[in-house]
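Data first, discussion second: the structure below is written as structure tokens.
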Amino acid sequence: MVSLEGVGKSFGANRVLSDINLSVESGEVVVVIGPSGSGKSTMCRCINRLETIDEGRILFEGRPLPAEGRELARMRARVGMVFQSFNLFAHRTILDNLTLGPVTVLGRKRSQAEERARELLERVGIADKADQLPRQLSGGQQQRAAIARALAMDPVLMLFDEPTSALDPEMISEVLDVMRALASSGMTMIVVTHEMGFARSAADRVAFMADGRIVETAPPATFFDAPTSERARDFLGRVL
Ligand code: ADP
Ligand code: MG
């Protein structure tokens, strides 16, 4: 689905990504963990070209990422992204949030887009919120709406960048449950998170990043029970 080959990226003199190699198969769930500032968000942003890279290449569905224009827009429409801050359109109803992209970008009929939006709201457990504004929802509900909005574009890949970090503790599990169900449904996912329980139960592979490098990649059982690198042992010692 997506592969990063020798990817490097700097912001000025600050080298943020070095020799990143990561390949994600269709249907695979890769959870990315690592200390703050290790480059996790930057790597996600490079995958849908919200950032450009200085070295290496990124292939999406076997082809290099388009540089710009219609090709890039088409590629981005196939990649759903969910951030820490929910980024819903504040002055639009939840239903509008879900139908806007499909209608304007994909050219779907409004009625069709609404039908699909209601299905997705049902799936994430907030069917009754369709006509509300984002601020009328709890943080957990807003994040579930943001996931549903991403899914409304029928993505083939979903990127999550710390989707539960801004949530009150009691709302984290409702969002993780939606993500777990999505993972079980066969969606290809790259998930940056500090939720180690989620990583252990939902990941096919864990990629551990430190100082802009992927230090270790392993199935969760292997990674959590027997990390091979000193950096990973140190990190796990502090978060577990
Ligand atoms: P993480 O998500 O793992 O916390 P980030 O990818 O956000 O790490 O950041 C990695 C490094 O890149 C940090 O040193 C951060 O300050 C820097 N960085 C991120 N985005 C920018 C930017 N737009 N301009 C300059 N530096 C940036
Ligand atoms: Mg980050």
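The values are calculated or read from the model by the stated rules, or taken from the named source; none is laboratory data. Nothing here was measured: the structure is a model prediction, and the numbers come from that model. Note: ideal-geometry Cβ built from the backbone for every residue, glycine included; neighbour counts use all protein chains shown. Accessible surface is based on the protein model in full, side chains and every heavy atom, while ligands, DNA and RNA are left aside. Shrake-Rupley method; radii C 1.70, N 1.55, O 1.52, S 1.80 Å.
If I filter region 27-45 for residues that are among the polar types (S, T, N, Q) and away from ligand 2 (no atom under 15 Å from the Cβ), do I get at least one hit? If you could, list the steps in order and put the result at the bottom.
Applying the first criterion (among the polar types (S, T, N, Q)) to region 27-45 yields 36, 38, 41-42.
Applying the additional criterion that residues be away from ligand 2 (no atom under 15 Å from the Cβ) yields none.
Within region 27-45, not a single residue is among the polar types (S, T, N, Q) and away from ligand 2 (no atom under 15 Å from the Cβ).
Please give the number of the condition residue 235 fails out of (1) in contact with a strand residue (DSSP E or B) (Cβ under 8 Å, 6 or more places away or on another chain); (2) surrounded by 15 or more Cβ atoms within 10 Å (Cβ to Cβ); (3) within 24 Å of residue 158 (Cβ to Cβ).
It is condition (3) that residue 235 fails.
Can we say residue 100 is free of Cβ contacts under 8 Å to residues at least 40 places away in the same chain, open to solvent by less than 60 Å² (accessible area, probe 1.4 Å) and hydrophobic (A, V, I, L, M, F, W, C)?
Numbers: free of Cβ contacts under 8 Å to residues at least 40 places away in the same chain: yes; open to solvent by less than 60 Å² (accessible area, probe 1.4 Å): yes; hydrophobic (A, V, I, L, M, F, W, C): yes.
Answer is yes for this residue.
Using the structure shown, decide if residue 211 is open to solvent by 40 Å² or more (accessible area, probe 1.4 Å) and touching a residue at least 12 places away in the same chain (Cβ under 8 Å).
Considered against the rule, which asks whether it is open to solvent by 40 Å² or more (accessible area, probe 1.4 Å) and touching a residue at least 12 places away in the same chain (Cβ under 8 Å), residue 211 comes out as yes.
I want to confirm something. Restricting to region 40-57 and keeping residues that are closer than 26 Å to residue 164 by Cβ and not in a helix (DSSP H, G or I), which single residue is nearest to ligand 1 (Cβ to nearest atom)?
Filtering region 40-57 for residues closer than 26 Å to residue 164 by Cβ gives 40-51.
Retained after the next criterion (residues that are not in a helix (DSSP H, G or I)): 48-51.
Working: 48: 14, 49: 14, 50: 10, 51: 7 Å.
Residue satisfying both the conditions and the ranking: 51.
Among the listed residues 14, 21, identify the single one that is closer than 22 Å to residue 209 by Cα, within 16 Å of ligand 2 (Cβ to nearest atom) and either open to solvent by less than 70 Å² (accessible area, probe 1.4 Å) or not β-branched (Val, Ile, Thr) (or both).
Details: 21 fails: within 16 Å of ligand 2 (Cβ to nearest atom).
None of the other options fit; the residue is 14.
Determine which member of the set 70, 76, 63 is surrounded by 19 or more Cβ atoms within 10 Å (Cβ to Cβ) and out of contact with any strand residue (DSSP E or B) (no Cβ under 7 Å at 6 or more places or on another chain). Even if it seems obvious, please write down each step before you answer.
On the way: 70 fails: surrounded by 19 or more Cβ atoms within 10 Å (Cβ to Cβ); 63 fails: surrounded by 19 or more Cβ atoms within 10 Å (Cβ to Cβ).
Going through 70, 76, 63 in turn, just one is surrounded by 19 or more Cβ atoms within 10 Å (Cβ to Cβ) and out of contact with any strand residue (DSSP E or B) (no Cβ under 7 Å at 6 or more places or on another chain): 76.
Hey, can you tell me all the residues within region 24-39 that are near ligand 1 (Cβ under 10 Å from one of its atoms), buried (at least 22 other Cβ atoms within 10 Å of the Cβ) and on the phi < 0 side of the Ramachandran plot?
Going residue by residue through region 24-39, those that are near ligand 1 (Cβ under 10 Å from one of its atoms) are 32-39.
Subsequent filtering for residues that are buried (at least 22 other Cβ atoms within 10 Å of the Cβ) retains 32-34, 38-39.
Of everything in region 24-39, those that are near ligand 1 (Cβ under 10 Å from one of its atoms), buried (at least 22 other Cβ atoms within 10 Å of the Cβ) and on the phi < 0 side of the Ramachandran plot turn out to be 32, 33, 38.
Does at least one position in region 67-83 carry a residue that is over 25 Å from residue 167 (Cα atoms) and assigned to a strand (DSSP E or B)?
Here is the first cut: in region 67-83, the residues over 25 Å from residue 167 (Cα atoms) are 67-78.
With assigned to a strand (DSSP E or B) added as a condition, the list becomes none.
No: zero hits.
Has region 76-84 got any residue that is touching a helix residue (DSSP H, G or I) at 6+ places or on another chain (Cβ under 8 Å), farther than 28 Å from residue 149 by Cβ, of a type in the set (Val, Ile, Thr) and within 16 Å of ligand 2 (Cβ to nearest atom)?
no
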